[in-house]
1. Taking residue 71, is it surrounded by 13 or more Cβ atoms within 10 Å (Cβ to Cβ), in a helix (DSSP H, G or I) and modelled with pLDDT of 95 or more?
2. Look at the stretch 49-69 and say how many of its residues are over 18 Å from residue 130 (Cβ atoms), out of contact with any helix residue (DSSP H, G or I) (no Cβ under 7 Å at 6 or more places or on another chain) and touching a residue at least 24 places away in the same chain (Cβ under 8 Å).
3. Could you list, in sequence order, all residues of the stretch 157-171 that are touching a helix residue (DSSP H, G or I) at 6+ places or on another chain (Cβ under 8 Å) and assigned to a loop (DSSP other than H, G, I, E, B)?
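The values are calculated or read from the model by the stated rules, or taken from the named source; none is laboratory data. Values in this document were obtained by computation on a predicted structure and should not be read as measured data. All Cβ positions, even for glycine, are placed from backbone atoms using ideal geometry, and neighbour counts span all protein chains on display.
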């Protein structure tokens, strides 16, 4: 990152950064933005799949594109549609975060204890195995995730985590 070395340059640099930030904020749609048109929904194609079988919706969740996920939901995206590998969007959000994505999906009807096709993992198993963010585990538990559920191989989410903060939440 460029850092100026004198006061005049510092003031100019901060001014440039402020203008850049305002430009980025202007690109983010507001919460009161009009719903997507039929043409926009067709282009977003939430149920479309890539060559690996991931849905466009799950890809947007994985990439943490909250605005795109919200637009796809407005277009009628199925928040429980599994990928070809058998993961629901909530599994993807549980692995990649952020917690706000999980809140959004659950508020739109995502099944909190959905079982994935791999070893019967739930989103809580996925979050625990990721060992990334205790906030993700907290929001799953707050939404009703059952920490006593076992995978097909008999493991609870606690068994799958090695992160002390996450394990403490799952006791």
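1. On the way: surrounded by 13 or more Cβ atoms within 10 Å (Cβ to Cβ): yes; in a helix (DSSP H, G or I): yes; modelled with pLDDT of 95 or more: yes.
Yes, satisfied.
2. Total meeting the criteria: 5.
3. 161, 163, 171
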